[in-house]
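Q: Got a structure for you, questions after.
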Amino acid sequence: MYLIGSNRCNCTLKNDLVLVRVGGGYEHFEKYVASNHYQFQLILVTHMKNNNLSLEQVIEKLRRGEKLATNLGTKWNIKKSTLSSNNSTMMDMSLIEGLSFPSASSI
């Protein structure tokens, strides 16, 4: 079990590739992180703000499986756009006022 962002994930190594268990299958680690890194950042920053904790404290609580207050969408002005192709909701991080995030390559 590995902590990726705020998610506890099962990972496996196969043919020198790290695979993350997603739903009923596996996804390449690099693709999984690249497609979810903004959501990971948003959730971690939300935990930090709503619980008045540092990133290190949030990670430690998540590692131990402790619950953290989220209230996602109520503290900041967040606009959501729904993708009809897979019925999931994506967040455009540029629409969150007052926050900046590092690029995916610096994570």
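Q: Assuming 0.36 nm per residue, please report the length gained on full extension of the stretch Cys11 to Ala69 beyond their Cα-Cα distance.
A: Result for the pair: 18.2 nm of gain on full extension.
Q: Give the order of Leu17, Leu62 when sorted by the count of other beta carbons within 10 angstrom, beginning with the fewest. Could the numbers behind the result be given before it?
A: Working: Leu17 11, Leu62 19.
By the 10 Å Cβ count, ascending, the order reads Leu17, Leu62.
Q: Taking other Cβ within 10 Å of each residue's Cβ, how do Ile43, Ile4 sort, fewest first? Please report the intermediate quantities before stating the final value.
A: Numbers: Ile43 19, Ile4 15.
Going from sparsest to densest Cβ surroundings: Ile4, Ile43.
Q: For each of Thr70, Thr46, count neighbouring Cβ atoms within 10 Å of the residue's Cβ, then give the residues from fewest to most. Please list the in-between numbers first.
A: Details: Thr70 15, Thr46 24.
Ranking Thr70, Thr46 by Cβ neighbours within 10 Å, fewest first, gives Thr70, Thr46.
Q: Let me ask you something else. Relative contact order (percent) for region 13-68, with alpha-carbon contacts under 8 angstrom and 6 or more residues of separation?
A: Numbers: 27 pairs, mean separation 9.6, N = 56.
Averaging sequence separation for qualifying contacts and normalising by length gives 17 percent for region 13-68.
No value in this document is a laboratory result; all are computed from the given coordinates. Computed from a predicted model, the values in this text were never measured in an experiment. Cβ coordinates were reconstructed from backbone atoms using ideal geometry, including for glycine residues, and neighbour counts include every protein chain displayed.
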